[in-house]
Number of protein chains: 2
Amino acid sequence: MNSYDMDTPITISDRDKPARQDKHLTIGALIFPRMDQIDFTGPFEVLSRIPNSTIHVIAKTNSPVRDIQGLVLTPDMSIAETPEVDVLLVPGGHGQQQLMNDEEVLSLIRNHFAAGRLVFSVCTGALLCGAAGILRGRQATTHWSTWSLLPYYGAIPIRSRVVVDGNLVTAAGVTAGLDAALVVASLLREDAIAQQIQLSIQYAPNPVFHSGMPDTAPAEVLQAFNQSYSAIAVSREAEARRFAAILGVAV
Amino acid sequence: MNSYDMDTPITISDRDKPARQDKHLTIGALIFPRMDQIDFTGPFEVLSRIPNSTIHVIAKTNSPVRDIQGLVLTPDMSIAETPEVDVLLVPGGHGQQQLMNDEEVLSLIRNHFAAGRLVFSVCTGALLCGAAGILRGRQATTHWSTWSLLPYYGAIPIRSRVVVDGNLVTAAGVTAGLDAALVVASLLREDAIAQQIQLSIQYAPNPVFHSGMPDTAPAEVLQAFNQSYSAIAVSREAEARRFAAILGVAV
């Protein structure tokens with residue numbers, strides 16, 4: 001049992017969760033060009049601090065990639081070189097669109113998940129999971145702007161910041177990866193481990209504005225976001241419809 | 001005027017803040033070995049999204065560095081190559097201790113600040129600011145474990161997550177850099193810019209535990225942290241006492 005507070009926005013399904021374990025834990029974190037770096041660096045901050053664990057940063061090749069804002073991220077190894085890991089972190093961001101037909105990435109996610117191991121997506125990393133076919137029948141979340149696309153991948157969209165459905169943990173947009181990583185740490189080890197990490201990174205967040213969600217942001221702020229977002233929204237919806245046809249999902 | 005909510009843990013002194021400006025904004029973000037990566041990647045996520053701005057990642061040399069957990073961070077340029085910037089981000093983490101006598105780093109901070117430009121420290125980056133001599137008479141914050149050392153550097157310690165004192169913005173520990181970066185974005189541009197960034201990164205944080213501060217963490221979690229932290233605590237206190245003597249500060 002976890003001692004999560006009942007007022008926190010987390011949904012946990014009835015499906016069996018990954019068992020807690022004391023053995024050495026290996027985590028693989030996927031990075032790719034034009035991703036959103038904090039989808040990865042947020043969870044890295046938490047997961048890399050789990051005692052008796054190793055985190056590998058993995059990419060399609062050994063070369064550094066740049067995130068959508070230009071930050072250079074450097075992998076430790078290529079996908080081909082990556083050993084079997086216990087947890088696979090799948091971040092999102094604009095660049096996720098360029099991987100929706102990348103069979104190397106999709107089969108990495110698919111095979112890892114099929115073996116019953118934990119997949120942890122952040123933001124539109126959930127769409128990569130959808131393209132890999134692992135969202136069918138699963139409760140899931142993603143960035144608020146993309147929630148409506150989850151059914152195209154056969155998922156049950158849940159308006160929670162963190163959703164745990166068996167060996168699938170999905171986080172809402174971008175910074176939700178921090179909240180979800182604490183959940184993953186507590187699921188795989190114990191609450192006290194997650195709590196000590198939270199204390200060390202002084203994670204008692206308190207933003208000066210309440211503009212993190214569309215229903216709390218000022219109307220003109222939401223409008224400005226929607227305008228800037230419209231091109232990729234169209235592209236993501238087209239991709240979702242294409243996948244719904246391939247997966248035989250009626251939406 | 002900023003429309004910050006009154007219940008948010010931010011302290012703003014009476015000293016003149018940097019003026020809002022529409023001109024192109026340049027930001028320099030310092031990285032160094034054994035830093036805490038999210039002290040940098042958190043603010044990067046926000047600051048890099050300010051319209052009409054450029055963010056430079058800077059280090060002592062052009063070579064990549066690894067954060068305390070092994071993440072590779074790559075600079076765009078060396079300190080020597082860095083142009084004058086409007087904002088200087090000074091992150092913290094264990095590796096800050098190795099720079100407390102690094103005159104190249106300290107004079108970068110000192111000269112930037114003396115010219116009236118904005119210094120933004122996160123976590124124990126405040127101690128680097130202290131070593132540079134810029135905290136004297138200033139209200140400031142830092143990681144909760146290090147607050148008690150601020151007076152040795154002549155600072156007025158404030159138990160806020162974000163403190164703005166003129167051209168000095170200090171954030172509390174690690175993840176407080178995200179909260180403070182939204183403040184910096186709103187100070188330098190307008191609230192709506194910060195709010196749109198917050199919406200895009202879905203920054204509506206809600207951790208499952210309330211363990212981010214020593215007074216809310218379970219007692220055994222705090223005790224475990226203090227044990228793991230004792231070595232660097234001793235080292236940081238010795239450094240602070242040494243600086244108090246140099247700066248002529250009576251504590």
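A few notes on this one:
- Residue among A:LEU106, A:LEU118 that alone is farther than 27 Å from B:ASP76 by Cα and in contact (Cβ under 8 Å) with a residue 60 or more places away in the chain: A:LEU118
- Being without any contact (Cβ under 8 Å) to a residue 40 or more places away in the chain and over 18 Å from A:PRO33 (Cβ atoms) is a description that does not apply to A:ARG161.
- Candidates B:THR124, B:THR141, B:THR175, B:THR146: the one that is in contact with a His (Cβ under 6 Å, 6 or more places away or on another chain) and among the β-branched types (Val, Ile, Thr) is B:THR124.
- Residue satisfying all of: in region B:152-185; more than 7 Å from chain A (Cβ to nearest Cβ) and of a type in the set (Ser, Thr, Tyr); surrounded by the most Cβ atoms within 10 Å (Cβ to Cβ) among these: B:THR170
- Any hit, region B:124-137, residues being within 18 Å of B:ILE55 (Cβ to Cβ) and at pLDDT 95 or above: yes
- Summed over region B:130-166, the residues that are within 21 Å of B:LEU247 (Cα to Cα) and either in a strand (DSSP E or B) or not small (Gly, Ala, Ser) (or both) give a count of 19.
- Here the condition is being under 20 Å from B:LEU73 (Cα atoms), surrounded by 20 or more Cβ atoms within 10 Å (Cβ to Cβ) and of a type in the set (D, E, K, R); of A:ARG66, A:ARG49, it holds for A:ARG49 alone.
- Residues in region B:178-193 that are more than 16 Å from A:GLY212 (Cβ to Cβ) and at pLDDT 95 or above: B:VAL184 only.
- If the condition is being within 9 Å of another protein chain (Cβ to nearest Cβ), among the aliphatic types (A, V, I, L, M) and under 25 Å from B:TYR229 (Cα atoms), then region A:48-71 contributes only A:ILE55.
- Filtered by the rule that a residue be crowded, with 19+ Cβ neighbours inside 10 Å and over 11 Å from A:GLN37 (Cα atoms), region A:77-96 gives A:THR82, A:VAL85, A:VAL87, A:LEU88, A:LEU89, A:VAL90, A:GLN96.
- Counted residues, region B:202-224 - those being touching a helix residue (DSSP H, G or I) at 6+ places or on another chain (Cβ under 6 Å) and over 26 Å from A:ILE10 (Cα atoms): 1
- Search result, residues across region B:199-251 that are within 14 Å of chain A (Cβ to nearest Cβ), among the small types (Gly, Ala, Ser) and assigned to a loop (DSSP other than H, G, I, E, B): B:ALA204, B:SER211, B:GLY212, B:ALA217
- Of everything listed in (1) more than 24 Å from A:ILE232 (Cβ to Cβ); (2) away from chain B (no Cβ under 12 Å), the single unmet condition for A:THR74 is (2).
- For region B:126-142, a residue qualifies if it is among the polar types (S, T, N, Q) and more than 13 Å from the chain's Cα centre (by Cα), and exactly one does: B:GLN139.
- Test for A:VAL119: is it touching a Phe, Trp or Tyr at 6+ places or on another chain (Cβ under 6 Å) and either among the small types (Gly, Ala, Ser) or within 23 Å of A:ILE68 (Cβ to Cβ) (or both): yes
The values are calculated or read from the model by the stated rules, or taken from the named source; none is laboratory data. Keep in mind the model is a prediction, meaning the values are calculated, not measured. Neighbour counts are summed over all protein chains in view; Cβ atoms, including those assigned to glycine, are modelled from backbone coordinates with ideal geometry.
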